[in-house]
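Peer 1: Got a structure for you, questions after.
Since every read-out is calculated from the coordinates, none of them should be taken as a lab result. Quick caveat, the model's predicted, so the values are computed rather than measured. Here the Cβ positions follow ideal geometry from the backbone for every residue, glycine too, while neighbour counts run over all protein chains shown.
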Amino acid sequence: MTQNDQEFQARRCALVTGGSRGIGRATALELARRGFDIAIVYAGNAERAAQVVDELEALGAKAKAYRCDVSDEDQANACVKQVLQDFGGVWALVNNAGVTADGLLMRMKDDSFDKVINVNLKGTFHMTRALAGPMARQRGGRIVNVSSVVGIMGNAGQVNYAASKAGVIGLTKSVARELARRGVTCNAVAPGFVKTDMTAKLSETVQKKYEEQIPLGYLCDPEEIARAIAFLASDEAGYITGVVLPVDGGMSM
Ligand code: NAP
């Protein structure tokens, strides 16, 4: 396969981790609407993942779901290898898989700290490392990492999560610098509070408290974040690298 053929095939595919629900699902659908074929990665909920594959196919995209714990190096490498085989290349990687395990600092167990760092930060590292070589060889690609407003501002009860999301910002800027000369951009979005399963866990009082901190006054739908991710994954964003784009209703300004 020539480099041109390789790039042509890769251009069609986006890999979205955590694509079975919430922001990842909305992103996969938005990218499919914009002409991408989609590989989604999920942790355990095969039924939800299969539903998203159906939705993606209904939009005319080639779509496949991969069960993979991104915090596990071997699983992440094997998953990327399989996606490359199935799709012929990957043009856009969206590192969106993420978890929370909230608790106040003084009561937080090492397990909770490690779990969140391992999925949110190390998972992003694993997937990015596995695709860096193929993207560099095809001389182009887009990496979009999902950080959080909490990684910028901090949040009581989320030292583990905030550390992981701040880590994602440092990783993003370093990868952007390393891969720039290969035509690969790497950026992050920092969502505020979004209506997904992750925030549905919060009590109504906490949700109200968050709403009061948002200048625009409401928690957004996942589609608002998906459109920002899709922009950073697009050809139009070719001169943007190493940025952190807050999509947070003004929270972090
Ligand atoms: P969500 O609805 O809870 O969905 C999480 C997704 O990640 C699911 O697809 C899940 O797969 C997958 N996942 C979890 N652990 C994984 C692992 N170890 N390996 C692979 N996949 C894994 O989450 P969300 O609210 O859409 O959040 C998506 C991203 O946005 C996260 O990084 C989150 O930190 C960030 N974020 C969210 C908000 C918010 O307000 N919701 C705000 C800022 C940033 P299964 O379905 O199989 O479990």
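Peer 1: Run the helix sum for the chain: -39,500 (n - 2.57) per DSSP H stretch of 4+ residues, divided by residue count, reported at 222 nm to the nearest 500 deg cm²/dmol. Walk me through the numbers before you get to the answer.
Peer 2: Details: 11 runs with 122 residues, N = 253.
Helices in the chain give a 222 nm mean residue ellipticity of -14500 deg cm²/dmol.
Peer 1: Also, quick follow-up: With a cut-off of 8 Å between alpha carbons and a minimum separation of six or more residues, what is the relative contact order of the chain in percent? Please list the in-between numbers first.
Peer 2: On the way: 515 pairs, mean separation 49.9, N = 253.
Normalised by residue count, the contact order of the chain is 20 percent.
Peer 1: Alpha carbons only, please: Rg and Dmax for the chain, in angstrom.
Peer 2: 17.2, 58
Peer 1: Among all the lysines, which ones have a C-alpha under 16 Å from residue 122's C-alpha, if same-chain residues fewer than 8 places away are not counted?
Peer 2: Within the straight-line cut-off, residue 122 pairs with 165, 173.
Peer 1: Would you look at the GNM of the chain, springs on alpha carbons closer than 10 Å, and say which of 17, 185, 100 moves the most?
Peer 2: Greatest mean-square fluctuation among the candidates belongs to 100.
Peer 1: If I build a Gaussian network model for the chain, linking alpha-carbon pairs within less than 10 angstrom, which residue out of 154, 98, 192 has the largest mean-square fluctuation?
Peer 2: Highest fluctuation among the options: 154.
Peer 1: Oh, and also: In nm, what is the difference between 0.36 nm times the number of residues separating residue 202 and residue 178 and their Cα-Cα distance?
Peer 2: On the way: separation 24, 0.36 × 24 = 8.64 nm, distance 3.82 nm.
Once the chain is fully extended between residue 202 and residue 178, it gains 4.8 nm.
Peer 1: Helix check for the chain. Which DSSP H runs span at least 20 Å along their own axis by Cα, with a mean Kyte-Doolittle hydropathy no less than -1.0? Before the final figure, lay out each step's value.
Peer 2: Working: long enough: 73-87 (21 Å, -0.49); 123-137 (22 Å, -0.01); 159-179 (30 Å, 0.39).
Those that clear 20 Å and a mean of -1.0 are 73-87, 123-137, 159-179.
Peer 1: Give the cysteines in the chain for which no other Cys Cβ lies under 4.7 Å away, or write none if there are none.
Peer 2: Lacking a cysteine Cβ partner under 4.7 Å: 13, 186, 220.
Peer 1: Projected onto the charge dipole of the chain (+1 at Lys/Arg Cβ, -1 at Asp/Glu Cβ, origin at the Cα centre), which of 119, 58, 170 gives the Cα projection farthest towards the positive end?
Peer 2: 170
Peer 1: Report the dimensions of the stretch 155-253 along its three principal axes from the alpha-carbon atoms, largest first, rounded to Å.
Peer 2: Principal-axis extents of the stretch 155-253 (Cα, largest first): 48, 27, 25 Å.
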